[in-house]
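Below: one structure, written as structure tokens.
The values are calculated or read from the model by the stated rules, or taken from the named source; none is laboratory data. Worth saying up front: this structure is predicted, and the values here are computed from it rather than measured. So basically every Cβ, Gly included, is an ideal-geometry build from the backbone, and we count neighbours across all protein chains shown. Only protein heavy atoms, including side chains, enter the accessible area calculation; ligands, DNA and RNA are left aside. Shrake-Rupley method; radii C 1.70, N 1.55, O 1.52, S 1.80 Å.
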Amino acid sequence: TAQDKKSATVAWRYFENNYRPETGLVDAVAGFPSGTLWDQGSYLLALIAAEDIGLIEPVNFIQRVDKFLNTMSRLELYNGQLPNKVYNTQTLRMVDYENNLTPGGIGWSALDVSRLLSALRVLELHHPAYGPRLRQTLARWDLHAMAKDGRLYGAQHNVKGHYLTQEGRLGYEQYGARAAALWGLDVLDAASAKSILAWHDIAGTALPIDQRRAKQFGALTPILSEPFLLQALEMGLTSEGQILAERVYQAQENRYQRTGIPTMVSEGHVDQAPYFLYTSVFSNGQ
């Protein structure tokens with residue numbers, strides 16, 4: 001519809017305004033020259049959609065994809081294995097989340113890499129000619145380093161040195177695993193929530209929650225819509241994912257019916273510390 005086209009045009013404007021022509025990447029936050037692989041995966045999916053519905057001309061699409069893939073092929077890799085968690089979008093130097101230069105990097109995020117892997121698969125499906133180039137780029141990356149015992153593992157580097165940690169919580173873990181599996185990684189255990197799933201009554205519905213708590217495992221466990229929406233839009237929901245997504249949505253609808261407050265929990269940036277927040281239906285016992 002005309003309204004759809006208008007909304008899409010407004011959405012695409014973000015990527016136009018925050019594009020870095022020197023690298024072909026897009027800033028994660030307007031005016032802040034920094035971004036993760038998750039952010040660049042989002043940009044690539046937006047680029048594919050923009051060309052598909054006629055927001056940009058094919059020649060512009062080709063130029064942007066060429067620049068993007070060229071950058072991906074020359075990223076400095078953390079530990080010589082996988083992309084760092086975050087890069088300066090102007091210089092391509094490895095940085096921390098405050099955009100400070102960090103020689104050697106701060107680690108990799110298996111979820112962020114998986115987000116990009118999903119976008120690369122979508123690119124190949126829509127434009128098969130890019131297939132050989134994608135594989136050439138990924139051949140530099142040790143993707144199997146982030147898959148172990150059927151689950152996703154990220155890398156950390158701090159005063160303790162380099163170490164691996166299991167990565168992903170309910171929803172995000174399954175999304176990341178399904179994306180990684182598209183490229184042949186052994187992440188079968190992570191693709192299903194069954195082994196870590198519990199149920200808790202929230203807002204008049206039985207809500208799926210992650211049994212793993214931050215106090216024990218050192219990772220937040222927010223239950224929110226985003227990972228289920230991404231699975232649905234990019235891959236289609238599994239039967240398990242359909243049930244979980246419906247329950248997470250139902251809790252939000254029930255809250256609206258009870259309070260009149262439109263409720264749409266997701267994650268995003270804010271303009272003050274800590275600069276990034278998860279809004280959730282349930283998290284870490286609350």
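Return the total of residues in segment 89-102 being over 14 Å from residue 156 (Cα atoms) and either of a type in the set (D, E, K, R) or out of contact with any Leu (no Cβ under 8 Å at 6 or more places or on another chain) (or both).
Total meeting the criteria: 7.
Of the numbered conditions (1) part of a helix (DSSP H, G or I); (2) farther than 20 Å from residue 234 by Cα, residue 98 satisfies every one except a single condition; which is it?
Of everything listed in (1) part of a helix (DSSP H, G or I); (2) farther than 20 Å from residue 234 by Cα, residue 98 misses just condition (1).
What number of residues within segment 225-279 are more than 24 Å from residue 201 (Cα to Cα) and in a loop (DSSP other than H, G, I, E, B)?
Qualifying residue count, segment 225-279: 8.
Please work out if residue 258 is of a type in the set (Lys, Arg) and buried (at least 16 other Cβ atoms within 10 Å of the Cβ).
Criteria not met by residue 258.
Cβ-Cβ below 8 Å, separation at least six or inter-chain, first residue in segment 188-217 and farther than 29 Å from residue 261 by Cβ, second open to solvent by 80 Å² or more (accessible area, probe 1.4 Å) and assigned to a loop (DSSP other than H, G, I, E, B): which pairs?
Listed by first residue and then by second, the contacts come to 189/149; 196/211.
Considering only helices (runs of 4 or more DSSP H) fully contained in segment 1-94, which possess at least 3 residues that are open to solvent by 20 Å² or more (accessible area, probe 1.4 Å), free of Cβ contacts under 8 Å to residues at least 60 places away in the same chain and of a type in the set (A, V, I, L, M, F, W, C)?
Hits in segment 1-94: 2-17.
Among the residues that make up segment 91-98, is at least one of them of a type in the set (S, T, N, Q) and in contact with a helix residue (DSSP H, G or I) (Cβ under 6 Å, 6 or more places away or on another chain)?
no
Within segment 125-154, can you find the residues that are under 20 Å from residue 107 (Cα atoms) and of a type in the set (Gly, Ala, Ser)?
139, 145, 147, 154
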